[in-house]
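Student: Next up is a structure, given as structure tokens.
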Amino acid sequence: QSALTQPASVSGSPGQSITISCTGTSSDVGFYNNVSWYQQHPGKVPKLMIYDVSDRPSGVSNRFSGSKSGNTASLTISGLQAEDEADYYCCSFTGGITLYVFGTGTELTVL
Amino acid sequence: QVQLVQSGAEMKKPGASVKVSCKASGYTFTGNFLHWVRQAPGQGLEWMGWINPNTGVTSYAQKFQGRVTMTRDTSINTAFMELSGLTSDDTAMYHCAREVKRGLDSWGQGALVTVSS
């Protein structure tokens, strides 16, 4: 099971919107609506931002939204803030021997 | 509040085994799957497997099958992950994490395992 493909880095200015893509296959992202997204600041543990493609846990800002089209899931952050600068990882259920697979990770820089 | 507290850092020699613990509090331990995720220095997240603390049923990533064993002790609300045949490639931070609705909503602080001769 290969890691899901994410861009290595994205950047944006404060107040702008950015989107991070997460590309899998028809056996994982394309088949199951079980994609989650995690934010990880340096030296910190990951934080759940989105689950089941587009649902937000309580306490997560509504500036974070998720979607999916075909084999690609996306995380959009609107009204970019300095505190959003972090690494972001997607994760999908696969239903295979390896039940879950993470994305390669994306470093978000707020300019 | 939900807390997952892991055992401390370990230094092991190649070929050895390591066992990391994850003590849960603040919720019903048997009510949620517990996952293990590792992160090598400067690298991304890697899913290792999960355990159903209620039944003890496990599912391991293919990469780790034959080398990893996940167990739990419900009397002390603690899960364990043992990895054998360690190599330098296993040097990483090992996290346990609770699953809620197929998302990992609470994470342990991590246990750094260093493999070096």
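Student: Pairs A:LYS68/B:LYS63; A:LYS68/B:LYS23; B:LYS23/B:LYS63; A:LYS68/B:LYS12: which are spaced more than 32 Å apart, C-alpha to C-alpha?
Tutor: Values: A:LYS68/B:LYS63 28 Å; A:LYS68/B:LYS23 35 Å; B:LYS23/B:LYS63 25 Å; A:LYS68/B:LYS12 42 Å.
Violating the 32 Å limit, Cα to Cα: A:LYS68/B:LYS23; A:LYS68/B:LYS12.
Student: Ok, one more. Using modelled amide H (1.01 Å from N, peptide plane; none on Pro or chain starts), what sits under 5 Å from the amide H of A:ASN34, excluding residues fewer than 5 places away?
Tutor: Here the answer is A:PHE93, since their amide H atoms fall under 5 Å of that of A:ASN34.
Student: Let me check the size of the protein assembly as shown from its C-alpha atoms; what are the radius of gyration and Dmax in Å?
Tutor: Calculated on Cα positions, Rg and Dmax stand at 17.3, 51 Å.
Student: ³J(HN,Hα) across the range B:84-100 via Karplus (A = 6.51, B = -1.76, C = 1.60, θ = phi - 60°), whole Hz, x for Gly/Pro?
Tutor: 10, x, 4, 10, 4, 5, 8, 5, 5, 8, 10, 10, 9, 8, 8, 9, 9
Student: How crowded by other chains is A:38-44, given as the mean number of beta carbons from other chains within 10 Å of each beta carbon?
Tutor: Values: counts 6, 0, 4, 0, 0, 0, 3.
That works out to 2 on average.
Student: Tabulate in residue order the Karplus-calculated ³J(HN,Hα) for the range B:61-69, using 6.51 cos²θ - 1.76 cosθ + 1.60 with θ = phi - 60°, rounded to whole Hz; enter x for Gly and Pro.
Tutor: 4, 4, 4, 9, 4, x, 10, 10, 9
Student: Further question: Return the distance in nm (one decimal) between the two label points of a simple spin-label model at A:PHE31 and A:SER9, each offset 7 Å from Cα along Cα→Cβ.
Tutor: 3.6 nm
Student: Still on this model: What relative contact order, as a whole-number percentage, does chain B give when Cα pairs under 8 Å and 6 or more residues apart are counted?
Tutor: Numbers: 291 pairs, mean separation 43.2, N = 117.
Relative contact order here is 37 percent.
Student: Determine the relative contact order of chain A: mean sequence separation of Cα pairs under 8 Å and six or more apart, normalised by residue count, in whole percent.
Tutor: Details: 280 pairs, mean separation 42.4, N = 111.
Once divided by the residue count of chain A, the mean separation gives 38 percent.
Student: Leaving out ligands and nucleic acids, and using a 1.4 Å probe, what accessible area per residue does chain A come to in Å²? Numbers along the way, then the final one.
Tutor: Numbers: 4850 Å² over 111 residues.
That works out to 44 Å² for each residue.
Student: Report, in whole Å, the centroid distance computed from the Cα atoms of the range A:55-81 and the range B:1-52.
Tutor: 27 Å
Student: Follow-up. Applying the Karplus parametrisation 6.51 cos²θ - 1.76 cosθ + 1.60 with θ = phi - 60° to the phi angles of the range A:74-91, what ³J(HN,Hα) value in whole Hz is obtained for each residue in order, glycine and proline being reported as x?
Tutor: 9, 10, 10, 10, 9, x, 3, 10, 4, 5, 7, 5, 5, 8, 10, 10, 9, 8
Student: In peptide A:98-106, what is the residue-averaged number of other protein chain Cβ atoms found within 10 Å of each Cβ? Write down the numbers at each step before the final one.
Tutor: On the way: counts 10, 8, 13, 4, 6, 2, 3, 4, 1.
So the per-residue partner count for this stretch is 6.
Student: Next question. Quantify how strongly other chains surround peptide B:102-112 by giving the mean number of their Cβ atoms within 10 Å of each of its Cβ atoms.
Tutor: If you average over the peptide's residues, the count of other-chain Cβ atoms is 5.
Student: Please give the solvent-accessible surface of A:PHE102 in Å², to the nearest 10, using a probe radius of 1.4 Å with every protein chain present.
Tutor: Counting only protein heavy atoms, the figure is 10 Å².
The values are calculated or read from the model by the stated rules, or taken from the named source; none is laboratory data. What you are looking at is a predicted structure, and each value in this text was computed from that prediction instead of being measured. Quick reminder, even Gly has a Cβ in these numbers, built from the backbone with ideal geometry, and neighbours come from all protein chains shown. Accessible surface is based on the protein model in full, side chains and every heavy atom, while ligands, DNA and RNA are left aside. Shrake-Rupley method; radii C 1.70, N 1.55, O 1.52, S 1.80 Å.
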